[in-house]
Each structure stands twice: as C-alpha cells, then as structure tokens.
1. Please go through the stretch 96-143 and pick out each residue that is in contact with a helix residue (DSSP H, G or I) (Cβ under 7 Å, 6 or more places away or on another chain), within 13 Å of LYS176 (Cα to Cα) and among the acidic types (Asp, Glu).
2. Tally the residues that are of a type in the set (S, T, N, Q) and assigned to a helix (DSSP H, G or I), restricting the search to the stretch 65-90.
3. Going by the structure shown, is LYS182 closer than 16 Å to GLU119 by Cβ, modelled with pLDDT under 95 and basic (Lys, Arg)?
4. Of ALA93, ALA146, ALA83, which residue is assigned by TED's automatic domain parsing to the domain that holds ARG69, in contact with a helix residue (DSSP H, G or I) (Cβ under 9 Å, 6 or more places away or on another chain) and at pLDDT 95 or above?
5. Restricting to the stretch 113-136, count the residues that are hydroxyl-bearing (Ser, Thr, Tyr) and more than 19 Å from GLY64 (Cα to Cα).
Amino acid sequence: MSNLFHRTAARTAAGLACLLLLTACGGVGGDDDAVKDGDGEVASLTTPATNGGSASASADPDAGRPRIRLDSTNEETNRMYDAWLSCLKDHGAEEKYKRKPNDPAVLACRTKEPLSPPELDPAKNPDYSDDVREMVKCMKGHGIKALVHEGSWALETGDELNRPHYDEYEIDCQVKAFGGHK
C-alpha cells in the first residue's frame with residue numbers, strides 16, 4: 001500500500017477513534033464520572049490513590065502519548081500508528097470497527113495512540129476557519145484542486161492525491177496555514 005493510503009487511513013482511524021472516545025466518554029450530555037456496565041447499571045469510576053493521598057482529578061489523560069506535528073511526514077505518522085496498532089493486536093484487539101473505547105486492549109494501548117496536532121482541532125484553534133481558508137489557498141497555489149467543505153478543507157476529487165509532490169505540498173501548506181499563530 002502507498003504511504004498516502006496509510007496516512008489517509010491513519011487520519012480516518014484517528015477520527016473514528018476520537019469519535020468513539022467522545023461518545024464513550026459521554027461527550028454529548030453524558031456523565032463523565034460514570035460508565036454503564038454490562039447490566040445497564042452505572043458504576044462510578046475510581047482513581048487509585050497516590051502516595052500522597054487521593055489521586056488528582058486534573059491529571060492529563062494525554063500525557064505521554066505521541067503527538068503528530070503539522071510537519072510530520074507520512075513515514076513518521078505511519079510509525080506512530082503502526083506502534084499503536086501493533087500494541088492493540090498484541091493485546092488481542094479485534095477488528096477496528098468492533099473495538100470499544102473500554103475494551104482492555106484499547107485501555108492497555110491508550111498511551112501509544114497518536115494525538116493529532118492541536119492546531120487541526122477547531123475546539124483548540126480559535127483561528128481554525130481562517131486557517132482552513134489559507135490551507136485551500138495554499139493547495140490551489142500548488143495546482144491542487146482543494147475547497148472548503150463542511151468547515152474543513154477537502155480535495156475536489158481523489159485524483160488530486162496522485163499529483164506529483166502532493167504529500168510535500170500538503171505538509172508545506174498545513175505548516176503555513178495552521179502553524180503561524182504562536
């Protein structure tokens with residue numbers, strides 16, 4: 001398979017994983033402190049105590065996870081996802097569409113699941129809409145037919161992925177469009 005397919009598959013997998021995680025964590029009107037067990041009962045989540053007493057509720061759940069950068073190459077991104085997927089497989093995870101966020105394999109490999117760049121998250125980037133328009137402008141400047149679609153950017157056709165130097169242009173435009181707000 002091509003690196004482009006891996007990158008696209010990785011982004012799709014990341015998006016699905018985030019969606020599943022948000023759904024499982026009660027992102028839409030749910031109770032973040034509880035989960036339903038197999039009997040439909042709600043069980044409180046408990047955090048083990050630390051040496052100093054009670055555990056901190058403010059611990060960062062993403063601490064230690066690999067972070068994809070705006071300028072990460074396909075190879076770098078693929079290595080991150082390969083390590084995560086290998087961990088899932090080693091822990092007996094089933095097919096990706098059958099995995100649930102609270103499956104033991106998913107929980108065991110949580111620290112290996114790559115995080116997308118925060119600049120690409122509309123909730124974390126106040127300039128996201130402007131950055132999307134800049135991304136489209138940059139891609140068009142390289143002769144790639146891109147457009148704003150449903151609040152993000154997209155390609156007019158899948159054939160655009162086959163243009164010479166597409167991967168380099170995408171990374172270059174992503175850095176220029178989303179990386180200039182520090």
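The values are calculated or read from the model by the stated rules, or taken from the named source; none is laboratory data. Model, not experiment: these values are computed from the prediction. Please note: Cβ atoms are built from the backbone with ideal geometry, for glycine as well, and neighbour counts cover all protein chains shown.
1. GLU119, ASP131, GLU134
2. Initial filter on the stretch 65-90 (of a type in the set (S, T, N, Q)): 72-74, 77-78, 86.
Next cut, assigned to a helix (DSSP H, G or I) only: 74, 77-78, 86.
So the answer is 4.
3. On the way: closer than 16 Å to GLU119 by Cβ: yes; modelled with pLDDT under 95: yes; basic (Lys, Arg): yes.
It is true that LYS182 is closer than 16 Å to GLU119 by Cβ, modelled with pLDDT under 95 and basic (Lys, Arg).
4. Values: ALA93 fails: at pLDDT 95 or above; ALA146 fails: assigned by TED's automatic domain parsing to the domain that holds ARG69.
Going through ALA93, ALA146, ALA83 in turn, the sole match is ALA83.
5. Looking only at the stretch 113-136, we keep the residues that are hydroxyl-bearing (Ser, Thr, Tyr), and these are 116, 128-129.
Filter once more, so that each one left must be more than 19 Å from GLY64 (Cα to Cα): 128-129.
Qualifying residue count for the region: 2.
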